[in-house]
There are 2 protein chains.
Amino acid sequence: MKRTSRDIRTANRYEVLRQIIAESPTSRQELAAATGLSLATVATLVGELLDLGLLTEVGFEDSAGGRPRGLVAVNASGGALIGVDIAETYVRVELFDLALNVLARADEDMRPGESRPAQVVGHVATAVDSVVAQAGVECARVLGVGVSVPGQVDRATGIAEYAPNWDWHDVPLLGLLSEQISHPLYLDNPLRACAVAELWFGAARGRGDAVVVNLGTGVGAGLALGGGLHRGVSNSAGEWGHTTLVLDGRLCHCGNHGCVETYVGAPGIMLNLRELSPRSPLLHPEDQTATIDALARGVAAQDPVAVKVVRDTARYLGAGIADLVNLLNPEVVVLSSWVAAALGEPLLEEVREAVARHALQRPLAATEIVLSPIPTDPVCLGAATFALEGALSSITQKANQRSNRRTWSKQ
Amino acid sequence: MKRTSRDIRTANRYEVLRQIIAESPTSRQELAAATGLSLATVATLVGELLDLGLLTEVGFEDSAGGRPRGLVAVNASGGALIGVDIAETYVRVELFDLALNVLARADEDMRPGESRPAQVVGHVATAVDSVVAQAGVECARVLGVGVSVPGQVDRATGIAEYAPNWDWHDVPLLGLLSEQISHPLYLDNPLRACAVAELWFGAARGRGDAVVVNLGTGVGAGLALGGGLHRGVSNSAGEWGHTTLVLDGRLCHCGNHGCVETYVGAPGIMLNLRELSPRSPLLHPEDQTATIDALARGVAAQDPVAVKVVRDTARYLGAGIADLVNLLNPEVVVLSSWVAAALGEPLLEEVREAVARHALQRPLAATEIVLSPIPTDPVCLGAATFALEGALSSITQKANQRSNRRTWSKQ
């Protein structure tokens with residue numbers, strides 16, 4: 001309940017930095033206009049970000065007869081951030097500069113069954129070494145590594161509490177990773193990584209309330225409410241994939257029946273296909289990615305089975321998204337992750353129609369449904385953003401401690 | 001997106017007033033400890049509330065050798081607030097003092113079919129006149145009337161946009177009421193009234209995230225997230241009653257199929273009973289209240305049909321509440337409104353078991369499910385609270401305007 005001035009200051013600092021990353025160079029006056037903060041507040045926050053080396057002064061612009069305005073930009077080369085996307089079938093690692101441009105990427109495939117924590121940690125460590133070497137950055141300049149792992153995670157302890165697809169229970173993932181990676185580590189899950197990526201860089205930026213629907217092997221909904229991530233009381237909000245869409249429906253690996261995920265996650269879509277056409281050549285029984293790609297190509301070629309499967313999937317998805325619209329009344333719903341990217345516009349069109357059939361008129365009229373505009377892996381970008389937030393808060397704490405020490409030594 | 005210092009100030013003012021209403025008399029030091037705000041901030045806010053006549057100084061307490069601490073309390077007789085609960089089958093109006101004690105109550109029954117706006121407005125006006133006369137308060141001391149009406153409402157324009165049970169569309173309710181009621185009027189719906197009542201006076205007070213499940217003729221979920229009401233982008237968040245629980249299930253009056261409300265709203269519960277035992281003496285076909293009361297008595301007497309109906313209803317309710325737990329990860333789920341009050345502990349026990357069967361372990365472990373502890377009509381209390389919030393913001397604005405005028409006249 002403690003909504004302290006420090007929380008507000010942190011939120012405002014994020015807001016200013018987001019705006020500068022989106023439009024660099026910019027002036028304090030433009031920042032004040034874009035964020036709704038006072039010029040005095042913006043000037044203070046910009047000063048702090050300059051002191052921290054995250055921004056740099058880049059000259060002046062004329063202001064129609066007035067005093068020339070100082071321009072600031074992100075100090076892109078001031079450090080590097082790493083985002084790690086641990087998915088069910090692959091590990092992807094990207095290294096970013098401070099303007100969140102991708103400087104290097106490494107992919108590691110995981111074979112079916114290759115899901116022991118030690119195996120996964122090995123892939124992550126290899127890929128992190130690879131991106132640091134590729135980009136040629138000094139280790140000391142890596143401000144942090146954000147790690148996204150599916151399922152429920154305890155950020156504070158770095159424990160992957162429950163990853164249903166791998167049957168992981170209470171894996172001390174950050175501890176295992178820290179034995180091989182010396183940079184500061186930040187753990188979270190893909191729902192929240194995708195949501196924070198949209199909040200900083202995508203379709204949720206500047207929107208009041210947004211729902212980021214994550215369609216991959218697992219599915220979920222990252223909630224960006226009131227301009228910030230809604231985490232819930234124990235950091236597990238967003239498990240929309242495990243809400244009931246069909247009472248007593250398909251058995252889910254979570255133990256429940258009829259969960260949204262069993263109809264619209266990649267394995268659920270494969271089952272939709274198998275139920276419609278058990279021997280379809282579109283079906284690659286052991287390969288989710290190949291099946292989804294085949295469906296996308298089939299829809300492009302107007303293959304009737306592919307069209308029907310996408311329509312059936314959109315019908316489930318539309319009913320589930322309408323539930324989110326009715327319950328949360330968001331300004332935007334963003335379809336994110338690899339299944340949404342692969343099925344693209346044809347899926348989006350069908351989903352929009354299905355949501356319109358299910359949702360109440362007032363919230364429906366207020367909601368826009370879009371595909372994620374983020375051109376790179378949103379999970380890596382979001383994970384790197386967690387590292388940026390973490391670095392920002394830890395260097396701010398250190399700066400506060402230094403200034404406290406100065407105050408103390410004067411007394 | 002404009003999270004300004006004014007919003008924070010308003011939230012903090014509510015927080016301090018809530019705490020004083022809950023524990024009066026109290027000191028500024030106790031308030032600072034209870035709210036997490038600094039003593040300086042609390043002192044400023046208390047000063048404002050004293051100036052506005054909402055608080056009063058009530059002496060001093062010893063502070064173990066230190067300076068005696070000034071005590072403040074709510075100035076209960078400083079004004080009156082009225083809460084109006086327009087339900088499908090009745091209108092209830094309560095008049096409160098500023099400590100939110102009920103001073104007078106009036107009930108008007110509505111006959112089946114009596115649902116034209118003019119009829120409803122007539123009942124409200126009669127009941128408002130009645131409570132003012134009963135309590136013997138001067139009209140000028142009534143700070144405001146909060147009005148709750150089912151369905152989707154536009155607070156800003158005072159229009160009841162859609163009340164599905166009455167098939168109301170775009171009824172200018174506040175305009176019609178203002179022709180007969182001269183006090184300031186504030187419109188909202190029962191979901192949000194119940195949520196704000198729990199937030200100020202009930203089980204959500206001091207909790208980070210709470211979901212208030214409203215079980216009446218209609219059902220919904222008021223969302224109290226981060227210590228404030230989550231309204232959504234067009235004030236229609238909370239329509240959990242119209243989320244899909246059974247794809248292609250029972251037809252709902254909203255036009256969709258399988259909505260939660262069709263299984264756990266009072267008419268849905270009557271249908272659960274009818275499907276189990278079409279000629280049950282518990283069933284009063286035209287009377288929801290009589291049927292729910294008969295079920296409650298039946299459960300108390302261990303009537304097997306009543307027990308089975310409550311169990312079946314709890315099964316639907318448990319699956320739907322588990323969805324809220326998985327999606328929002330709240331600290332507390334409160335069962336509110338007249339159906340929850342009538343079926344009470346036996347329903348609660350069955351619901352807890354059903355939620356435990358459906359919800360994921362991590363969010364389940366963090367959530368408590370309780371019956372509303374509010375002993376009076378929570379909708380009236382919440383509606384009166386909206387009037388208190390409205391009065392607080394309007395008198396604060398006037399005070400600011402006065403102080404601005406003073407500043408201007410000095411220049």
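A few notes on this one:
- Solvent-free Debye scattering, log10 I(q)/I(0), computed from the Cα coordinates of chain A at q = 0.08 Å⁻¹: -0.46
- Translational diffusion coefficient (Stokes-Einstein; Kirkwood radius from C-alpha pairs) of region B:80-152 at 37 °C, 0.692 mPa s, in µm²/s: 264 µm²/s
- Here the label points at B:GLN361 and B:THR10, each 7 Å from Cα along the C-beta direction, are separated by 4.3 nm in the simple model.
- Fraction of antiparallel bridges per DSSP, chain B only, in percent to nearest 5: 65 percent
- Using a Förster distance of 25 Å, the FRET efficiency for B:ASN165-B:ALA133 (Cβ separation, nearest 0.05): 0.25
- For the pair B and A, the buried accessible area comes to roughly 5000 Å² in total, with a 1.4 Å probe and the value rounded to the nearest 100.
- Each other copy holds its own label point for B:THR126; taking that point as 7 Å from Cα along Cα to Cβ, the gaps run 8.0 nm, nearest first.
- Part-to-part distance (alpha-carbon centres) for region A:206-230 and region A:184-201, which is given in Å: 10 Å
- For the options B:ALA342, B:ALA384, B:ALA140, a Gaussian network treatment of chain B with springs between C-alpha atoms closer than 10 Å singles out B:ALA140 as fluctuating the most.
- In the full protein context, region A:150-289 carries 34 Å² of accessible surface per residue, based on a 1.4 Å probe and ignoring ligands, DNA and RNA.
- Normalising the average separation of contacting C-alpha pairs (under 8 angstrom, six or more residues apart) by the number of residues puts the relative contact order of region A:204-371 at 23 percent.
- Label spacing, shortest first and in nm, from A:SER393 to its equivalents in the remaining copies (7 angstrom along Cα→Cβ): 3.0
- Solvent-accessible area of region A:49-153 (1.4 angstrom probe, protein heavy atoms only): carbon and sulfur portion equals 47 percent.
- Lys, Arg +1 and Asp, Glu -1 on Cβ, resulting dipole of chain A about Cα centre, debye, nearest 20: 1400 debye
- Shown for region B:311-359: residues covered by the partner protein chains by 40 Å² or more of accessible area relative to the chain by itself (probe radius 1.4 Å), namely B:ARG315, B:ASP323, B:ASN326, B:LEU327, B:LEU328, B:ASN329, B:HIS358.
- Whole-number accessible area per residue in Å² for region A:5-74, which is evaluated in the context of all protein chains at 1.4 Å: 50 Å²
- Note on the protein assembly as shown: Rg/Rh from C-alpha atoms, Kirkwood Rh, equals 0.99.
- Fraction of alpha-carbon pairs over 16 Å apart in region B:5-74 - percent: 42 percent
- For chain B, the relative contact order is 15 percent, taking Cα pairs closer than 8 Å that sit 6 or more residues apart in sequence and dividing their mean separation by the residue count.
- Taking 0.36 nm per residue of sequence separation and removing the Cα-Cα distance, the A:LEU271/A:ARG352 pair yields an extension gain of 26.9 nm.
- A:GLU368 versus B:ASP62: modelled label distance in nm, points set 7 Å from Cα along the beta carbon direction: 6.6 nm
- Between the listed residues B:SER277, B:ALA306, B:ASN329, the Cα displaced farthest toward the positive end of the dipole of region B:206-371, a dipole computed from Cβ unit charges relative to the Cα centre, is found at B:ASN329.
- Charge context of A:VAL42, other residues only, Cβ under 10 angstrom, K/R +1, D/E -1: -1
- Using only side-chain charges placed at the Cβ, +1 for Lys and Arg and -1 for Asp and Glu, the dipole size of the protein assembly as shown relative to its Cα centre rounds to 2320 debye.
- Mean ellipticity per residue at 222 nm, deg cm²/dmol - from DSSP H runs of n ≥ 4 across chain A, formula -39500 (n - 2.57): -15000 deg cm²/dmol
The values are calculated or read from the model by the stated rules, or taken from the named source; none is laboratory data. In this text, all values refer to a predicted model and were calculated from it rather than measured experimentally. Positions of Cβ are backbone-derived with ideal geometry, glycine not excepted, and every protein chain shown enters the neighbour counts. Note: accessible area is taken over every heavy atom of the protein model, side chains too, but ligands, DNA and RNA are not part of it. Shrake-Rupley method; radii C 1.70, N 1.55, O 1.52, S 1.80 Å.
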